[in-house]
Amino acid sequence: MAHPSAPIEHSAGSLGAGTEAPVAHFDVIIVGAGLSGIGAAYHLRTNCPGRSYALLEGREAIGGTWDLFRYPGIRSDSDMYTLGYSFRPWTDPKAIADGPSILRYVRETASEYGIDRHIRFRHHVKRASWSSEQARWTVEAERGPEKELVRYTCTFLLMCSGYYNYAEGHRPEFPGEARFQGTVVHPQFWPKDLEYTNKRVVVIGSGATAVTLVPEMSKTAAHVTMLQRSPTYVVSRPAEDRLANALRRWLPAKLAYGITRWKNVVLSLFFFNLSRKRPEQVKRFLTGMVREHLGSDYDVATHFTPSYNPWDQRVCLVPDGDLFQAIKQGRASVVTDQIDTFTEKGLQLRSGQELEADVIVTATGLKLQLLSDIEFSIDGERCDISKTLCYKGMMFSDVPNLAYSFGYTNASWTLKVDLTSEYVCRLLNHLARTGDSICMPRHDPSVEERPFLDFTSGYVQRAASMMPKQGSKRPWRLYQNYMLDLFTLSFGKVDDGTMRFSRAPALPPASVEQPQRGAVGSRDAA
């Protein structure tokens, strides 16, 4: 008898002229080996120990975002007691952690639980085709630099590939760029050899990346200017959680972690709900905090008072007020204006001011890419996910055996993806108990469609047309509320009247084979 994690191999069509290639079948295929994918694999191996699984990762390493981004100061913009996994305590003293520490945490998790042995690297998934007759997905991926076509099949497909394009950031074209005689870089593709010591730097942008780059680069640069078209809410928070560090000295790690996690969940929910109910009060509070850091003479109204309400866009976090300290010490400054054109020496602004620079960083945002831009089809017909309703924030109307891990916009990403993975395990266990093989949320025509994300951020608005819709009521509505989702996804009914369960009319014959040692976790495993 094969090991539970061993793939089943069967023949599934020709990969080349006149040849039939064996195709490995898994109960679950997870796309992505970043923070979400590793967490999903843990929940699967723990809650569904008899299920076989594999992770298909397009890059050469574990870590996703935390392996991709290498710009100076890269860090979390959420505390690690909620961004960390529910099952593995974060024990470093810093709650607002740097990128390398987070990457190490994810990789150690994968190694500790044997998840790394199930990863197939350099597998860029391109297509997924569902067969109702066979009750399985056929997943096609391009492997390695040669882009060799490989196929796998699975009963359930779990997408943990994040929400943005790894290969391309949002990069508007500015007039006169070719005239600039210095260096222009995008944070998503930071050059290893970029030297900015004692140089004048302009960072274009005002989001999380910009407020991270500015204080870090200002430590060695001659001066760093954050050039923003419009301001963002910025809040300072201690890099270390004193309560968490104290609890860890007196309590077992898991208990201390759990207490801190819940404390931070409650505080963040309170702040978000207060922002929705009393936006003007929260706005005064946030801008008042900035004024306390920068002094009464600083023009907070121009540079740190947005026109929108708090949490209409994400609030930026700066640990220990590092951005404000850099401004107070004269190492950094903020300019609120628009670019007229690049010049040989820097940037000419609409106001007439010229910013001279040796290095210009275009921290202009991400390019959203839901579901890795995979081409989906159901029984031979193209499936457009943007035309569907999102069920419980993870599945799609009339799309079978497919879930998508998408985190919160108003709290830590991992809080939601942990719940998503646990719910998928509940679904799989329900199928095992009933003997069903298909689960699919059926579209409800009485539900009013609404935008998937209630967010005014530019990167969200630019991608609105490619997103699914949410509905006006449960289970189609996204509440962005961890406590509500916890009860719904962890304790609510799986067979809720919207999710339809059925059995496949036929399954193809398959022979069970043991995988070769090291095959699943190899760089080019077939």
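Would you mind calculating the gained length between R278 and K192 on full extension (0.36 nm times residue separation, minus the Cα-Cα distance), in nm to one decimal?
26.4 nm
For E148, E142, what's the largest-to-smallest order of accessible area, 1.4 Å probe?
E148, E142
In debye, nearest 20, what is the charge dipole magnitude of the chain about its Cα centre with +1 on Lys and Arg Cβ and -1 on Asp and Glu Cβ, if you could check?
Its charge dipole is roughly 1300 debye.
Heavy-atom accessible area of V266 with all protein chains present, probe 1.4 Å, nearest 10 Å²?
Here the accessible area works out near 70 Å².
Can you give the Rg and Dmax of the stretch 117-184 based on its C-alpha atoms, in angstrom?
When restricted to Cα atoms, the stretch 117-184 yields Rg and Dmax of 18.9, 61 Å.
Could you check how many percent of all C-alpha pairs in the stretch 338-481 are farther apart than 28 Å?
When every Cα pair of the stretch 338-481 is considered, 36 percent fall beyond 28 Å.
Expressed as a rounded percentage, what relative contact order does the stretch 283-356 have, with Cα pairs under 8 Å and six or more residues apart?
Answer for the stretch 283-356 is 20 percent.
Could you state how much accessible area E292 has, in square angstrom rounded to the nearest 10, with a 1.4 Å probe and all protein chains kept in place?
150 Å²
For a quick check of understanding: with a 1.4 angstrom probe and all protein chains in place, what accessible area in square angstrom does D496 have, to the nearest ten?
Answer for D496: close to 60 Å² accessible.
Quick check: residue separation of A464 and F87 times 0.36 nm, minus the Cα distance between them. What number comes out in nm?
Roughly 132.4 nm would be gained on extension.
Note down the magnitude of the dipole of the stretch 309-453 about its Cα centre, charges +1 on Lys and Arg C-beta and -1 on Asp and Glu C-beta and zero elsewhere, to the nearest 20 debye.
440 debye
Picking from C48, N198, C439, whose Cα lies most toward the positive end of the charge dipole for the chain (charges on Cβ: Lys, Arg +1; Asp, Glu -1)?
Going by the Cα projections, it comes out as C48.
Test of understanding: what is the full-extension gain from K126 to K387, defined as 0.36 nm times their sequence separation minus their Cα-Cα distance?
Taking 0.36 nm per residue and subtracting the Cα distance, the gain is 92.0 nm.
Under the rule a/c < 1.5 gives rounded, and otherwise a/b versus b/c splits prolate from oblate, where does the stretch 231-278 land using the Cα gyration tensor?
oblate
Decide, for the stretch 130-264, between rounded, prolate and oblate: order the square roots of the alpha carbon gyration tensor eigenvalues as a ≥ b ≥ c, take rounded if a/c falls under 1.5, and otherwise choose prolate if a/b is larger than b/c, else oblate.
Here the stretch 130-264 falls in the oblate category.
Filter the cross-link list K94/K254; K473/K493; K387/K469; K192/K367 down to pairs whose alpha-carbon distance in this structure exceeds 19 Å.
K192/K367
Averaging over every viewing direction, what projected area does the convex hull of the Cα atoms of the chain cover, in nm²?
The number I arrive at for the chain is 26.7 nm².
Label the stretch 55-214 by shape, choosing from rounded, prolate and oblate, from the square roots a ≥ b ≥ c of the eigenvalues of the Cα gyration tensor; if a/c is under 1.5 it is rounded, and otherwise prolate applies when a/b is larger than b/c, oblate when it is not.
Oblate shape, in that a/c is at least 1.5 and b/c is the bigger or equal ratio.
So, counting K/R as plus one and D/E as minus one, what does the shell of residues with Cβ under 9 Å around R450 add up to?
So the surrounding residues net to -1.
Kindly sort M289, M483, M226 by accessible area of their heavy atoms, largest first, with the probe set to 1.4 Å.
The ranking, largest first, comes out as M483, M289, M226.
Could you tell me how far the Cα centroid of the stretch 141-172 sits from the Cα centroid of the stretch 187-235, in Å?
30 Å
What percent do you get for the relative contact order of the chain when only Cα pairs under 8 Å and 6+ apart count?
It rounds to 21 percent for the chain.
Kindly sort R200, R117, R314 by accessible area of their heavy atoms, largest first, with the probe set to 1.4 Å.
Descending accessible area places them as R117, R200, R314.
Taking R0 as 41 Å, what's the FRET efficiency between R442 and E112 from their Cβ-Cβ distance, rounded to 0.05?
For R0 = 41 Å, the calculated efficiency reads 0.55.
Under a Cβ-Cβ cut-off of 13 Å, what is the net charge of the residues other than S351 that fall near it, where Lys and Arg count +1 and Asp and Glu count -1?
-1
Spin-label point model (7 Å from Cα, Cβ direction): what's the E173 to R249 distance in nm?
In this crude spin-label approximation the distance works out to 5.9 nm.
Residue by residue, what Karplus-based ³J(HN,Hα) values in Hz, rounded to whole numbers, does the stretch 60-71 have, using 6.51, -1.76 and 1.60 with θ = phi - 60° and x for Gly and Pro?
Whole-Hz 3J(HN,Hα) from phi for the stretch 60-71: 9, 8, 6, x, x, 3, 6, 9, 6, 7, 10, 6.
The values are calculated or read from the model by the stated rules, or taken from the named source; none is laboratory data. None of these values were measured; they are calculated from a predicted model. Glycine also receives a Cβ, built like all others from the backbone with ideal geometry; neighbour counts cover every protein chain displayed. Please note that ligands, DNA and RNA were not included when accessible areas were found on the heavy atoms of the full protein model with its side chains. Shrake-Rupley method; radii C 1.70, N 1.55, O 1.52, S 1.80 Å.
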